[in-house]
Amino acid sequence: MSGDSSVSSAEVVLGFLEEAESWRLLSPQFPSKVGGKPAWLSQRGLPSLSGLECEICRLPMAFLLQVYAPISGQDRSFHRTLFLFCCRTHECYAANDSRCMKVFRSQLQRRNEFYPYDPPPEDEPPSGPEPDQSVLSVSGVKLCWVCGCPGNKACSRCHSVTYCGKHHQTLHWKHTHKRECGSQEAPTVTTSTFLFPESELVTEPEEEEEKKEEDTKEAEEEEEEERSADCPSLADTLAETDLEEMAMHESEDNKVFQRFKKRIAPEPHQVVRYSRGGSPLWVSSQHIPSDEDIPPCTCGAKRIFEFQVMPQLLNSLCVDSTGASIDWGTLAVYTCSASCNHDDEYRLEFIWKQDFSSDQHAQMKPT
């Protein structure tokens, strides 16, 4: 995905999940992806352990997805990736509460100390030995074996693996490390139950014609409804219950939700909508942020909308359990309009979680 400060609200790029060879999802390939461990961009200035904790339960958050979004014509943002993390504790997902999620921005100049000046080849894996999916450090920063986030707490017996804290050390011990610790065999590279399933995030532009057709159809429907409202004989023939249903159908919240469903209908499997400087596609008329709700960047620049995560992604995360699932209607990410840089450190950006009503949620069940 690529961004440009001049992107208008009409220009939307859709993200879809696709299987990919493991080497394509590593840092040198500058991937956009969902799940697995983060493919860190800058190899220093990583988020702190406390920065990667859920603000509600204070447990480590899981990596959800990353979007590669360089800004054309801005050298400091030649490489630029946004990283989204979320809590795996379902109790933290109170209605419209965003404290269980965080998003970070990392960016680099084209000439930097970590990657070649020229882009990597797209059709062939890197030469040399097979990439190690269990890398435990980047540029001297030790990483947690379970989640891939910074962690310097080593196993006290073998000292060969590190963790972000006691929580993930215990998880790995129960999963495989109890059998492997102290043995001569290399630790088994297994996918932790803490991680979400890994997929590449591939993109394509949203079709303009489909939007125009939807807008035209919507306008025609609204005109028809106005004509119907002006006809008293029609209203006289409706039962009281029918009038109540019509009133509910005409509620502002329902209008917004129906608009959401119509807009995504041509591409129902989209999991991300990217439109830097554009506008989110809200699922409800409730809990839409005002300008005052979006805090400015620490540099003083205004934050602008960049992308949103769709509810369809939940179908691919294997998180469903009766009454105990993480959940959202949509997640809107806002980033520094200047895309400021601070010595290649990861910058905390802003995320807004909007939830469905109970009726809307029932209508958004997987197709």
Conditions (1) within 16 Å of E349 (Cβ to Cβ); (2) in contact (Cβ under 8 Å) with a residue 60 or more places away in the chain; number of the one not met by E55: (2)
Residue check, Y115 in contact with a Leu (Cβ under 8 Å, 6 or more places away or on another chain), modelled with pLDDT of 85 or more and hydroxyl-bearing (S, T, Y): yes
Pairs where the first residue, in segment 60-81, is without any contact (Cβ under 8 Å) to a residue 60 or more places away in the chain and the second is among the charged types (D, E, K, R) and surrounded by fewer than 24 Cβ atoms within 10 Å (Cβ to Cβ), C-beta under 9 Å, 6+ apart: M61/E53; M61/R88; M61/K102; D75/R110; D75/R111; F78/R110; F78/R111; H79/R110
Test: residue in segment 265-280 that is open to solvent by less than 40 Å² (accessible area, probe 1.4 Å) and farther than 21 Å from E207 by Cβ: no
Only one of C158, C164 that is in contact with a Gly (Cβ under 9 Å, 6 or more places away or on another chain), at pLDDT below 80 and open to solvent by less than 50 Å² (accessible area, probe 1.4 Å): C158
Which listed residue is among the aliphatic types (A, V, I, L, M) and modelled with pLDDT of 95 or more, from V7, V103: V103
Residue tally, condition open to solvent by 40 Å² or more (accessible area, probe 1.4 Å) and either hydrophobic (A, V, I, L, M, F, W, C) or in a strand (DSSP E or B) (or both), over segment 35-67: 5
Single unsatisfied condition, S134 versus (1) among the polar types (S, T, N, Q); (2) modelled with pLDDT under 95; (3) not in a loop (DSSP other than H, G, I, E, B): (3)
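The values are calculated or read from the model by the stated rules, or taken from the named source; none is laboratory data. These numbers were taken from a predicted model, which means no experiment stands behind them. For neighbour counting, all protein chains shown are included, and Cβ atoms are generated from backbone atoms with ideal geometry for every residue, glycine included. Calculation scope for accessible area: heavy atoms of the full protein, side chains included, ligands and nucleic acids excluded. Shrake-Rupley method; radii C 1.70, N 1.55, O 1.52, S 1.80 Å.
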